[in-house]
Amino acid sequence: MDTTSPLISVDELVRALDGSQPPVLLDIRWQLGGPPGAQEYAAGHLPGAHYLDLDRELAAPPGPAGRHPLPDPEVLAAALRRAGVRGDRPVVVYDAGPATSAARAWWLLRWAGHPDVRVLDGGLAAWRSAGRPESTDTPPAGEGDFKPRPGRLPTVDADGAAALAREGLLLDARAAERYRGEVEPVDPRAGHIPGAVSAPTTENLGPDGRFRPVVELDRRFRELGADEQRVGVYCGSGVTAAHQALALAVTGRSAVLYPGSWSEWSADPARPAATGAERG
């Protein structure tokens with residue numbers, strides 16, 4: 001399977017599934033506040049896909065490290081083995097469409113050392129739009145052999161995120177109104193990390209729910225200053241930030257992820273919160 005891009009189109013995936021080494025398919029449907037992804041998976045999914053639970057298998061329990069801390073490597077390993085993930089076989093992850101939760105799985109697998117992971121561009125919505133078949137059958141547990149080796153992608157803690165905001169470029173992937181501090185539906189305080197720059201992930205996508213062309217994404221990140229300094233990404237709990245990292249990767253750029261993100265930062269009263277539209 002061609003891995004020149006971290007994204008794969010429906011047509012490319014169909015060809016890959018017909019090839020000599022078809023990819024393992026992982027369904028990562030999840031959204032804040034529900035409905036539960038497992039129910040949506042049961043109602044219809046890509047044939048042969050295994051479902052992974054973002055809250056339980058792709059994150060540790062919420063706590064001082066945020067709402068979606070990085071998972072225990074053993075928990076992650078067990079989930080990937082059950083899904084049939086192997087170190088020598090490609091993996092394609094997808095969600096309902098915007099690629100937010102799929103990006104979390106992509107980032108985690110790359111962080112854990114898997115060499116060949118791609119995200120279905122447009123997700124299940126694109127698959128359905130192309131008239132491709134779905135299944136309600138749950139495949140039997142796989143016999144994967146992949147062993148996570150955490151740390152293959154860089155991360156920072158709260159101090160590191162603060163330093164990046166001062167000395168580099170820290171992109172806030174949340175909606176602009178949350179960055180400005182006008183609303184905060186989930187976390188303890190409104191606002192953003194001082195010095196961070198607003199860069200909502202919704203602007204990575206076109207009207208059809210697919211990622212914008214590379215030339216447009218490249219221009220977006222260049223205008224944000226991503227070519228001139230070390231880039232970090234954060235969001236509410238480290239999920240949407242992975243979408244930003246994925247969009248950057250589409251353009252050939254790399255990013256450091258702050259897993260605790262605003263859910264960790266805002267829970268610490270010693271950490272300052274900035275508001276308004278300007279960087280600061």
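The values are calculated or read from the model by the stated rules, or taken from the named source; none is laboratory data. Bear in mind the structure is a predicted one, so any value in this text is a computation, not a measurement. Virtual Cβ from ideal backbone geometry, glycine too; neighbours counted across all protein chains shown.
Table for the structure above
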| read-out | value |
| --- | --- |
| Identity of the residue in the stretch 143-160, over 18 Å from the mean Cα position of the chain (by Cα) and hydrophobic (A, V, I, L, M, F, W, C), that ends up farthest from Ala270 (Cα to Cα) | Phe146 |
| Top-ranked residue in the stretch 106-141 [being part of a loop (DSSP other than H, G, I, E, B) and β-branched (Val, Ile, Thr); ranked as nearest to Gly206 (Cα to Cα)] | Thr136 |
| Matching residues, the stretch 212-226, being surrounded by 13 or more Cβ atoms within 10 Å (Cβ to Cβ), part of a loop (DSSP other than H, G, I, E, B) and without any contact (Cβ under 8 Å) to a residue 24 or more places away in the chain | Arg212 |
| Matching residues, the stretch 45-71, being charged (D, E, K, R), in a loop (DSSP other than H, G, I, E, B) and either within 14 Å of Ala102 (Cβ to Cβ) or without any contact (Cβ under 8 Å) to a residue 40 or more places away in the chain (or both) | Asp53 |
| Out of Ala38, Ala42, Ala103, Ala78, sole residue that is surrounded by fewer than 21 Cβ atoms within 10 Å (Cβ to Cβ), small (Gly, Ala, Ser), touching a residue at least 40 places away in the same chain (Cβ under 8 Å) and not in a loop (DSSP other than H, G, I, E, B) | Ala42 |
| Subset of the stretch 238-280 (residues that are among the acidic types (Asp, Glu) and either in a helix (DSSP H, G or I) or over 17 Å from Gly160 (Cα atoms) (or both)) | Glu264, Glu278 |
| Scan of the stretch 97-118 for residues that are more than 14 Å from Thr240 (Cα to Cα) and hydrophobic (A, V, I, L, M, F, W, C), ordered by number | Leu109, Trp111, Ala112, Val117 |
| Single condition Ala77 does not satisfy, out of (1) touching a Pro at 6+ places or on another chain (Cβ under 6 Å); (2) at pLDDT below 95 | (2) |
| Tabulated pairs, the stretch 10-32, first at pLDDT 95 or above, second of a type in the set (S, T, N, Q) and in a helix (DSSP H, G or I), C-beta under 7 angstrom, 6+ apart or interchain | Ile28/Ser101; Arg29/Ser101 |
| Within the stretch 106-132, considering residues that are of a type in the set (Lys, Arg) and touching a residue at least 24 places away in the same chain (Cβ under 8 Å), the one nearest to His45 (Cα to Cα) | Arg132 |
| Which listed residue, of Ala65, Ala42, is within 19 Å of the chain's Cα centre (by Cα) and either at pLDDT 95 or above or farther than 24 Å from Leu248 by Cβ (or both) | Ala65 |
| Hits in the stretch 142-166 - residues which are part of a loop (DSSP other than H, G, I, E, B) and hydrophobic (A, V, I, L, M, F, W, C) | Phe146, Leu153, Val156 |
